[in-house]
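One structure is given below, encoded as C-alpha cells.
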Amino acid sequence: MRLAVAVWPPAEVVATLSALQRPSVPGVHWSSPPQWMVKVRPLGHVDPAVIDPLRDVLERELGGAPAPSCVLGPATRRLGGQWLGARVAGLDELAAVVFEVTEDLVPVTHPQPFHADVVLARGRVPARLAGMPVSARWTARELALVADRSSPHGPRFEDLLTIPLTATGPISMPGR
C-alpha cells in the first residue's frame, strides 16, 4: 500500500488554489482538490504489516505536538520538470520529527532535502506555468497518515489516522 504522512490544507486554502488559472496544455494533467495534500514524509509502498506500528509511533511521538504555521507561496514553481507545485513553508521541524520516528519502520531509501509543496499538475510541465502568484497562511491542526488508493478511474486518498496538533512552542525531538 502506498502511504504518506501529510497535512491537508483547509477549505480557504483549497479555494485559493482552485482560483489559479489552469490552462489546457498538452501533456499536463492538473490535479484536483482531493489531491492537494502537503506531504511531510512520502513513505512509498509500505508492507501492510507495518501500518499498525506506524500508527502507534506517530500517535505516541506526535499526538498533541505544536500546530505549525504554514505559508503557501509566493508563486508556483516547477519541480523537476514533471510537476508544478506551490511551496509550503513552516513544516520543516514537523517533518524532521516525522522522518526520525518513522525511519526504523520505513527506511529512507533516497535521501534528499525536504521540501513541502502542494502538487498542482503533473506531466510535461512547461517553464511558463511557473511563477503564478499564490499565497495563503494557515495553522496545520492535524497530521494524517494517508493511503493512496488511486486507480486509473481517478484519485482516491484515505486517512488511516489523524493526529491532532494542539500544543504551542517548539517540537521536541524523541528521546530528548
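Values for this structure:
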read-out: Selection count where residues are among the polar types (S, T, N, Q), in a strand (DSSP E or B) and in contact (Cβ under 8 Å) with a residue 60 or more places away in the chain, scope the range 59-102; value: 1
read-out: Positions within the range 107-133 being over 17 Å from the mean Cα position of the chain (by Cα) and of a type in the set (A, V, I, L, M), in sequence order; value: VAL125, ALA127, LEU129, ALA130, MET132
read-out: Elements of type strands (runs of 3 or more DSSP E) contained in the range 103-154, each with 2 or more residues being β-branched (Val, Ile, Thr), surrounded by 14 or more Cβ atoms within 10 Å (Cβ to Cβ) and touching a residue at least 24 places away in the same chain (Cβ under 8 Å); value: 117-123
read-out: Some residue of the range 146-160 being closer than 15 Å to PRO68 by Cβ and among the polar types (S, T, N, Q); value: no
read-out: Residues that are touching a Pro at 6+ places or on another chain (Cβ under 7 Å) and not acidic (Asp, Glu), drawn from the range 98-117; value: VAL101, LEU105
read-out: Residues of the range 22-70 classified as charged (D, E, K, R) and in contact with a Pro (Cβ under 6 Å, 6 or more places away or on another chain), total; value: 1
read-out: Any hit, the range 39-56, residues being in a helix (DSSP H, G or I), buried (at least 18 other Cβ atoms within 10 Å of the Cβ), among the hydrophobic types (A, V, I, L, M, F, W, C) and touching a Ser or Thr at 6+ places or on another chain (Cβ under 9 Å); value: yes
read-out: Breaking point among (1) surrounded by 15 or more Cβ atoms within 10 Å (Cβ to Cβ); (2) closer than 16 Å to VAL5 by Cα; (3) within 14 Å of the chain's Cα centre (by Cα), for ARG87; value: (2)
read-out: Index of the failed condition, LEU58 passing every other in (1) over 17 Å from the mean Cα position of the chain (by Cα); (2) within 16 Å of VAL5 (Cβ to Cβ); value: (1)
read-out: Filter result (of a type in the set (A, V, I, L, M) and assigned to a loop (DSSP other than H, G, I, E, B)) within the range 8-32; value: ALA19, LEU20, VAL25
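Results for (1) modelled with pLDDT of 90 or more; (2) among the aliphatic types (A, V, I, L, M); (3) more than 17 Å from ARG60 (Cα to Cα), shown as yes or no for each residue.
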{"position": "GLU100", "(1), (2), (3)": "yes, no, no"}
{"position": "ASP104", "(1), (2), (3)": "yes, no, no"}
{"position": "ASP117", "(1), (2), (3)": "yes, no, yes"}
{"position": "GLY131", "(1), (2), (3)": "yes, no, yes"}
{"position": "SER151", "(1), (2), (3)": "no, no, yes"}
{"position": "MET173", "(1), (2), (3)": "no, yes, no"}
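The values are calculated or read from the model by the stated rules, or taken from the named source; none is laboratory data. Treat the numbers as computed from the prediction; the structure is a model and nothing was measured. When we count neighbours, we look across all protein chains shown, and the Cβ atoms used for this are built from the backbone with ideal geometry, even at glycine.
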